[in-house]
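See below for the structure under consideration.
The values are calculated or read from the model by the stated rules, or taken from the named source; none is laboratory data. All of these numbers come straight from a predicted model, not from anything done at the bench. Here the Cβ positions follow ideal geometry from the backbone for every residue, glycine too, while neighbour counts run over all protein chains shown.
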Amino acid sequence: MSAAKPQLNTILHHPAIWRAADGMRSKQCRQQDFATVATGYHALDQVLPEGGLPVTGVTEILCPHWGCGEVELVSSALASLSQQARWLVWVNPPWMPYAPALMQQGIALENTLVVHSQQDKDTLWAMEQCLSSGACSAVQGWPRNPTPQHIRRLQLAAQKGNSLCLLMRPQAQMQQPSPAPLRLEMGPLQQELQVRVVKCRGHWGSPWLRLARPGHHSSTTLHGNAPAAAHKPAATLPTRPVGACATGFYSAPHSGG
Amino acid sequence: MLWACLHFPALALNLVEQGAPAAQPLVVEITRKQRRLVLYANQPALQSGIVPGMTIPTAQSLVRNLQCQPYSPDGEQQALQQLGHWAYEFTPHIRPHGQNNLLLEVSHSLKLFNGQQALAQQLLQQLPAGFTPFSLAFADTDMAALLFAQAHESSNQALFFSLQDVHDYDVQWLDIATAQKELLYSMGIRTVGQLLALPRDTLGKRFGDAFTHYLNLLTGERKSPLPHWNLPPQFQTELDFVQELDNAQHLLFPIRHLLSRLEHYLYARQSAVSRFLFSLLLRSRQTQSWPIELATPMHRLADILPLVQLKLETLQLAAPVLTLRLRADQFHGLHVQQRDLFRPQQPDHISRYQLVDRLQTRLGKQQVHSLGMVSDHRPEHCWYSATPGQGQALQHPSEQRPFWLLQHPQKLRSKKGLPVYHVPLQLLKGPERIDTGWWDNTPVNRDYYIAQQGNGQHLWVYRDRDNQDWFLHGLFSL
């Protein structure tokens, strides 16, 4: 009896079964094909439509707190977008993006633009101006409390200017409706990045994904086996991770003591 | 040689009206022999019975609230200079003549503009607004072109003549003194043809060498020297208002007028401008300066005007404005960008900086900046907020740096010699000692560590070696 019971997967591969998600994936059914930029995380790129963040439109990232890995998630995409002769804009960031780190991640400094604003109204205005001008490849903004109408306006502006809008919002606002075509939720930072797709075009959301942080394992093992190591920093020199690139965490040999 | 003469019979009136003909009777007055006389009258004034040459009291008795503007010869000369800048697009051989004529030698430009007719069309199309009536005459010598243009004044079209046509014209159109014209009439000479039939040397004895020289120029027996137009190294122009303006928004039209003159000047010099100065002469006899700075050099009116318009919204007028003056003296070579054939959406250089200008105008100049690096080991000094687009990258740090830097390091509590940020931190890597800056009064003597919070968040902390206090200086987003 058990041998006759068909597996769900085999049923789904039956040619007579049509799934809406597959239909959206095929080029014929799409209204327009949209370009994407890879995040650099294979597992995340797999679940995102077209294999990456769309380069046009609003992508919402919901974070439990700032600094939970939300920049890490998009830094590879930002680095490749910054190579265009267009601005890469941070509007009202919680802290100052640090130029040496940007350079280490491969972001072209001559294309960076930081915009500070006192009022939330100005933050949204500046984001909309940047997006609709067509002179920005990506705009990452931290508005305090954007309404669905605001997000809709940002989406229209991003489509007009062919720009990527990264809208950073606290996780508490996840229950609010949002017209953003892609919403990602970050989990609290653990040894790995936790992220899930809440909403995207033509797919269901994804379950929680745990993404390994590049060049990060050496420090976590260190942390795991020797709590006393912290007291003797010189003795706890981590080894250089294999295959660490410019964005690797501890890429440089250390000479302190 | 082919000369074109642009003749503006009512130039002084044009300057007063500034492209917007007044509905009220308006005259330009001149004082001769201590009598105020009407020099030019606009259409409503002419309809009321005012004629040029009438005294001002008589004219005022005809029209109750007649506006009288004094005649300014300097203004006319400046206007001819402006028109010269404009005509520089067509030919470099330009000469203002008299009070209201501009002579252009265009034979070298015919090939570029596809012949006389096409060139004349271009001239008529691009003639700045507000200079009507005018006449444009083409002839083989400059003096003949001048004669034809004056004879057909206010024809508002291009006319072409051959030198033979000169013979049929009355001697009153010759460019000579009035006394000499009367002398010619008394001799019974009516037309230029009759005059030219006379032996030239006897005319020289009676009228002087200058007269025969003029006739030789008219007939082309002597060639007039080819003038060369020199653009001044600085650009300056001004506009007087008939009525004082008390609302800043009303300045937009005159600003556009002045900027279009600047555009012609920039086009002629093939340069761009990044800063210029408006001076507003106020009723209180003060001058209000209004400098405009652009994030990148621009040369097109269509690019400059929206930014000036945006800045105009914040302009506060101290008093009503009588005169607007525009001055620009720093120019840059024209930056011509090659566009990508395969990526048509690539924004041009100008629109990138228009965005910066827009943001800076609303949020403030300091609030919008790029990021750059300085060769300094102190973390807070090794970056700077650069002018947008000027951010410079250096291969400075070899150590890993945090993505976020706190503007001011945050002091942390310490527990058993370790820093505490919500929870006790674990030091992962360090120390990286930075002990420098003793020469400029902001020395640092710190040991930097990468610390980890319980949840895996990495922080950049340091211990001040002078007082052993812990500080949080950055957050790794990574």
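Taken over segment B:257-278, the criterion of being crowded, with 16+ Cβ neighbours inside 10 Å and either more than 19 Å from B:L301 (Cα to Cα) or charged (D, E, K, R) (or both) is satisfied by B:R261, B:E263, B:R269. A:G69 meets all of the listed conditions (1) more than 8 Å from chain B (Cβ to nearest Cβ); (2) in contact (Cβ under 8 Å) with a residue 60 or more places away in the chain but one, namely (1).
Taking the stated definitions as given, is A:V74 touching a residue at least 40 places away in the same chain (Cβ under 8 Å), more than 8 Å from every other protein chain (Cβ to nearest Cβ) and under 20 Å from B:Q390 (Cα atoms)?
Details: touching a residue at least 40 places away in the same chain (Cβ under 8 Å): yes; more than 8 Å from every other protein chain (Cβ to nearest Cβ): yes; under 20 Å from B:Q390 (Cα atoms): no.
Spelling it out, it is not the case that A:V74 is touching a residue at least 40 places away in the same chain (Cβ under 8 Å), more than 8 Å from every other protein chain (Cβ to nearest Cβ) and under 20 Å from B:Q390 (Cα atoms).
Considering segment B:449-478, the residues that are more than 8 Å from every other protein chain (Cβ to nearest Cβ) and not in a strand (DSSP E or B) include one that is nearest to A:E72 (Cα to Cα), namely B:Q453.
In the set B:L226, B:L217, only one residue is among the aliphatic types (A, V, I, L, M) and surrounded by 15 or more Cβ atoms within 10 Å (Cβ to Cβ); that residue is B:L217.
Listed here are the strands (runs of 3 or more DSSP E) enclosed by segment B:348-448 that have at least 1 residues being more than 40 Å from the chain's Cα centre (by Cα) and either under 25 Å from A:Q129 (Cβ atoms) or among the charged types (D, E, K, R) (or both): B:404-415, B:426-436. Screening the candidates A:S133, A:S163 for the property of being crowded, with 18+ Cβ neighbours inside 10 Å, polar (S, T, N, Q), within 12 Å of chain B (Cβ to nearest Cβ) and more than 20 Å from the chain's Cα centre (by Cα) yields one hit, A:S133.
Confirm whether A:Q28 is assigned to a loop (DSSP other than H, G, I, E, B), of a type outside the set (A, V, I, L, M, F, W, C) and at pLDDT below 80. Steps first, please.
Values: assigned to a loop (DSSP other than H, G, I, E, B): no; of a type outside the set (A, V, I, L, M, F, W, C): yes; at pLDDT below 80: yes.
Spelling it out, it is not the case that A:Q28 is assigned to a loop (DSSP other than H, G, I, E, B), of a type outside the set (A, V, I, L, M, F, W, C) and at pLDDT below 80.
Screening B:P344 on (1) within 14 Å of chain A (Cβ to nearest Cβ); (2) at pLDDT 85 or above shows it passes everything except condition (2).
Select from segment B:253-278 the residues that are basic (K, R) and in a helix (DSSP H, G or I) and list them in ascending order. If you could, list the steps in order and put the result at the bottom.
Quick first cut of segment B:253-278, residues basic (K, R) only: B:256, B:261, B:269, B:275.
Listed by number, the residues that qualify are B:R256, B:R261, B:R269.
Filtering segment B:399-431 to residues that are more than 7 Å from chain A (Cβ to nearest Cβ), free of Cβ contacts under 8 Å to residues at least 24 places away in the same chain and under 22 Å from B:R378 (Cβ atoms) leaves only B:H408. Within segment A:86-130, being within 16 Å of B:G391 (Cα to Cα), more than 7 Å from every other protein chain (Cβ to nearest Cβ) and either of a type in the set (D, E) or under 18 Å from the mean Cα position of the chain (by Cα) (or both) holds for A:L88, A:V89, A:W90, A:Q105, A:G106, A:I107.
Residues that are of a type outside the set (A, V, I, L, M, F, W, C) and within 14 Å of chain B (Cβ to nearest Cβ) within segment A:166-209 comprise A:G187, A:P188, A:Q190, A:Q191, A:E192, A:Q194, listed in sequence order.
Pairing residues of segment A:148-175 that are under 13 Å from A:V91 (Cβ atoms) with residues that are outside any helix (DSSP H, G or I) and aromatic (F, W, Y), at Cβ distances under 6 Å and at least 6 apart in sequence or on separate chains, gives A:M168/A:W142.
Of all residue pairs spaced 6 or more apart or on separate chains, those with beta-carbon atoms under 7 Å, a first member in segment B:451-469 that is of a type in the set (A, V, I, L, M) and a second member that is not in a strand (DSSP E or B) are B:A451/B:L425; B:L459/B:L425; B:L459/B:Q453; B:V461/B:L425. Please specify each residue of segment B:160-184 satisfying the condition of being surrounded by 13 or more Cβ atoms within 10 Å (Cβ to Cβ) and assigned to a helix (DSSP H, G or I). Passing the criteria: B:L163, B:D165, B:V166, B:H167, B:V171, B:Q172, B:W173, B:Q180, B:K181, B:L183, B:L184. Annotation for segment B:382-403: no member residue is among the basic types (K, R) and surrounded by fewer than 18 Cβ atoms within 10 Å (Cβ to Cβ).
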